[in-house]
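Here the structure comes first, spelled out in structure tokens, and everything after it is commentary.
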Amino acid sequence: MPETTDDNYKMAETINEVKFSDAGMAEIQRYISHYPEGRQKSAILPIMHVAQAEFGGWLSPQVMDKIAEILNIQPIEVYEVATFYTMFNLKPVGKHVLEVCRTGPCCLRGADQVIDMLKEKLNIEEGETTADGMFTLKPVECLASCGTGPMLQVREKFYENIDSEEKLDQFLETMRNTEVETPYHQAN
Amino acid sequence: MGIKILTEHINVPGIETLEVYRKHGGYRSVEKALKTMSPDEVVEEVKTSGLRGRGGAGFPTGMKWSFLAKPEGIPRYLVCNADESEPGTFKDRYFMEKTPHSLIEGMITSSYALGANTSYIYIRGELMFVLRILEKAIAEAYAAGLLGKNILGSGYDLDLHVAPGGGAYICGEETALLESLEGKRGNPRNKPPFPAVKGLFASPTVVNNVESIASVPWIVNNGGAEYAKIGIGRSTGTKLFSCSGNINKPGVYEIELGVPVEEFIYSDEYCGGIWKGKQLKAVVPGGSSVPILPANLITKTAAGEDRLMSYESLSDGGFVSGSMLGSGAFIVFDEDQCIVRNTWNYARFYHHESCGQCSPCREGTGWMEKVLHRIEHGHGHQQDIDLLVSVAKQIEGNTICPLGDAAAWPVASAIRHFREEFEWHIKHPKEAILPGAVYRGQLATIEA
């Protein structure tokens with residue numbers, strides 16, 4: 001996995017053309033239509049979510065440039081937003097990004113232990129991706145699931161009450177056999 | 001069982017669909033308001049109800065509405081704050097996921113009262129699955145003529161959209177939320193101008209929490225005076241509490257304000273007592289930002305009276321011996337929890353979530369995290385406790401938005417009530433870093 005910004009650029013250069021799927025583009029246009037004339041930039045966050053779902057779970061510079069083109073704004077306006085919000089990954093990630101809640105209420109019920117077990121089982125540190133590219137471990141702050149902690153999120157799904165090693169093993173096994181889907185394809 | 005205003009039908013199968021929701025009296029407030037009341041009459045009912053903002057500040061909703069500027073020819077906006085990110089809070093997510101039409105009904109009735117023709121629900125980006133539930137319900141409402149042009153033949157038009165955030169606690173602050181909704185970094189704005197004058201797209205805007213908006217239909221249907229009869233004193237109505245931590249029954253409970261805290265913690269109707277038969281150590285009653293209280297001060301006030309689940313009672317004693325109701329996130333700690341570790345965890349959270357705009361918050365939250373980290377990990381210095389108190393003081397009140405205060409209060413209150421525990425960590429670093437080590441008052445014991 002690339003470690004530096006330069007590596008990211010090199011890797012990103014191998015992407016020939018940034019092209020959203022028809023469903024993705026329709027979703028983008030739908031979000032843009034929610035805002036008044038001249039305020040199309042407002043749709044930038046939902047568009048970045050669509051882009052991240054379409055292009056492997058992260059936003060490459062090329063993808064961000066494409067978003068700027070769609071919204072008719074300067075690329076820097078996309079970069080400054082993408083770097084502010086923690087849901088957007090600016091480096092390549094594994095197939096499944098495990099976003100484990102590490103905030104107080106989940107820790108009262110064992111979130112620290114879940115993070116430690118994941119590090120050990122996957123043999124990676126926080127922010128790293130497994131050698132097979134299957135998992136990235138990304139501890140995050142409170143996910144509004146404090147009554148069902150410890151918990152973690154993978155894309156749009158919450159996996160809650162992961163309060164034993166057995167449940168964690170089961171979860172990992174499920175994820176190994178889970179294919180990535182873009183959710184709005186089903187919605188539309 | 002007290003009265004349920006928000007969650008009466010929440011467990012009815014199919015309540016997320018328009019059909020079932022209407023069967024249980026859904027959208028009556030839209031018919032009543034749009035066909036028989038003027039917008040100002042709706043505002044008056046909400047004022048009379050005494051409803052207070054459920055997002056954390058507790059500011060009277062009707063009064064907030066009455067501040068909205070109404071210049072000719074400029075659109076007005078209602079924005080629902082569904083960015084629920086305060087550690088400990090998950091009531092809005094639960095509510096929207098289970099009964100999305102309740103929020104949509106509240107949005108229509110409230111938008112009508114404010115004269116807004118376009119409204120937004122800004123939901124935190126992590127809750128994309130809830131966004132899809134809301135969008136599905138909104139589509140049903142459009143199809144039924146409850147949204148769009150000429151709603152129910154009343155001549156009133158409303159478009160309602162859901163917008164996701166991108167993972168930033170700060171966007172729960174209303175001006176940061178508006179910046180984010182405009183597609184920018186979530187940096188809070190200087191006030192004035194307040195959103196009521198210059199909010200979304202520089203137009204007059206009201207920002208309200210999910211639960212506040214969802215309380216409006218009941219108020220319209222039954223009258224503000226009826227609502228004001230529920231609850232206790234200036235804490236009118238019912239409130240959703242998100243209960244987490246070391247209790248037997250974590251979850252969301254709707255209660256009439258005024259239930260005794262002790263009953264709330266130990267009754268099987270609510271939290272069901274402390275898990276595994278353990279003792280209560282402390283409670284953060286209103287979300288991670290509010291002061292933590294030790295067991296003796298959460299059930300009784302300093303004057304020895306029963307503490308109640310109400311705005312006034314939870315803040316009785318000010319910050320010396322009281323706390324705040326906040327967003328109603330009730331986080332319970334058992335005897336095995338380490339206050340230093342928890343305070344470090346919260347400090348890390350606020351450092352992570354500081355937008356970086358104001359130096360006291362950007363630098364101060366980093367300092368607090370660093371100092372707490374070293375105390376927790378056995379490298380604390382004698383003067384660190386005073387250093388923390390001093391840094392917290394320098395953040396509080398010196399920032400554009402309340403995140404600074406929210407970061408300072410948990411640290412200041414933990415030291416106020418659990419100073420001995422911090423001192424023990426500094427004096428006995430080797431014992432303190434053992435796994436599961438907890439300070440237990442005068443009889444310090446270690447459990448490995």
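Each value in this text was obtained by applying a stated rule to the coordinates, not by laboratory testing. Because the structure is predicted, anything quoted here is derived from the model rather than measured. Glycine gets a Cβ as well: all are built from the backbone with ideal geometry, and neighbour counts include every protein chain shown.
Starting from the Cα of A:Ser33, step 7 Å along the direction of its Cβ; do the same at B:Ala302; then give the gap between the two resulting points in nm.
Here the modelled spin labels are 6.0 nm apart.
Dividing the alpha-carbon Rg of chain A by 2.2 N^0.38 Å yields what?
1.10
Tally the DSSP beta bridges in segment B:18-227 and give the antiparallel ones as a percent, rounded to 5.
10 percent
Past 28 Å, Cα to Cα: identify those pairs from B:Lys149/B:Lys229; B:Lys91/B:Lys278; B:Lys249/B:Lys430; A:Lys121/B:Lys278; B:Lys64/B:Lys229; A:Lys138/B:Lys91, in the order given.
Too far apart for the 28 Å limit: B:Lys149/B:Lys229; B:Lys249/B:Lys430; A:Lys121/B:Lys278.
Once you place label points 7 Å from the Cα toward the Cβ at A:Thr83 and B:Thr36, how far apart are they in nm?
Here the modelled spin labels are 5.8 nm apart.
Enumerate by residue number the GluC sites (Glu not before Pro) in segment A:89-172 meeting two conditions: DSSP loop (anything except H, G, I, E, B), and at most 10 other Cβ atoms within 10 Å of the site's Cβ.
The qualifying sites are A:Glu125.
What angle do you read, to the nearest 10 degrees and between 0 and 90, between the alpha-carbon axis of helix A:44-54 and the longest principal axis of chain A?
Once rounded, the angle reads 70 degrees.
Report the Rg/Rh value for the protein assembly as shown, based on alpha-carbon coordinates and the Kirkwood definition of Rh.
0.96
Rounded to the nearest 0.05, what FRET efficiency is calculated for B:Glu431 and B:Glu262 with R0 set to 25 Å and r the Cβ-Cβ distance?
E(calc), rounded to 0.05, equals 0.15.
By average Cβ neighbour count within 10 Å, what is the ranking of B:92-101, B:185-194 from highest down?
Descending mean neighbour count gives B:92-101, B:185-194.
Just to be sure I follow: if Rg is taken over the C-alpha atoms of segment A:96-176 and Rh is the Kirkwood radius over the same atoms, what is Rg/Rh?
In segment A:96-176, Rg relative to Rh is 0.92.
Is there a pair in A:Lys157/B:Lys70; A:Lys91/A:Lys157; A:Lys157/B:Lys239 whose C-alpha atoms are over 30 Å apart, and which pairs would that be?
Beyond 30 Å: A:Lys157/B:Lys70.
Taking 8 Å as the Cα distance limit and 6 or more residues as the minimum spacing, I'd like the relative contact order of chain A as a percentage.
Once normalised by length, the contact order is 18 percent.
Determine the percent antiparallel among the DSSP beta bridges restricted to the protein assembly as shown, to the nearest 5.
Antiparallel bridges: around 50 percent, rounded to the nearest 5.
Please list, or write none, the aspartates and glutamates whose alpha carbon is within less than 18 Å of the alpha carbon of B:Lys300, excluding same-chain residues fewer than 8 places away.
Cα-Cα hits under 18 Å: B:Glu262, B:Glu263, B:Glu312, B:Asp316, B:Asp334.
Where in segment A:37-81 does the amide nitrogen come within less than 17 Å of the point 7 Å from the Cα of B:Ala202, taken along Cα to Cβ?
The answer is A:37-42, whose backbone nitrogens lie closer than 17 Å to the label point.
Can you pull out the trypsin sites (Lys or Arg not before Pro) in segment B:195-294 whose DSSP state is coil and whose Cβ has at most 10 other Cβ atoms within 10 Å?
Hits after loop and neighbour filter: nothing returned.
Could you point to the residue in B:Leu200, B:Ser215, B:Leu160 farthest towards the positive end of segment B:156-231's charge dipole, with +1 and -1 charges on the Cβ of Lys/Arg and Asp/Glu respectively?
Farthest towards the positive end: B:Leu200.
Given +1 on the Cβ of Lys and Arg, -1 on the Cβ of Asp and Glu, and no further charges, what dipole in debye does chain B carry about its Cα centre, rounded to the nearest 20?
Charge dipole, chain B, about its Cα centre: 440 debye, nearest 20.
So which helices of chain B fit the span-like rule, where a helix is a whole DSSP H run, its Cα atoms reach 15 Å or more along the axis, and its mean Kyte-Doolittle is at least -1.0?
Passing helices, by number: B:39-49, B:100-114, B:128-143, B:210-222, B:359-376, B:384-395, B:403-427.
With runs of 4+ DSSP H residues as the only contributors, calculate the mean residue ellipticity of chain A at 222 nm using -39,500 (n - 2.57) per run, divided by the residue total and rounded to the nearest 500.
-12500 deg cm²/dmol
Convex hull over the alpha-carbon atoms of segment B:232-334: what's its volume per residue in Å³?
Normalising the Cα hull of segment B:232-334 by residue number yields 81 Å³.
Using only the alpha carbon atoms of chain B, find the Kirkwood hydrodynamic radius as the inverse mean reciprocal pair distance, in angstroms to one decimal.
Kirkwood hydrodynamic radius for chain B: 22.7 Å.
Counting each DSSP H run of 4 or more residues in chain B as -39500 (n - 2.57), what helix-only mean residue ellipticity at 222 nm follows after dividing by all residues, to the nearest 500 deg cm²/dmol?
That comes out to -12500 deg cm²/dmol.
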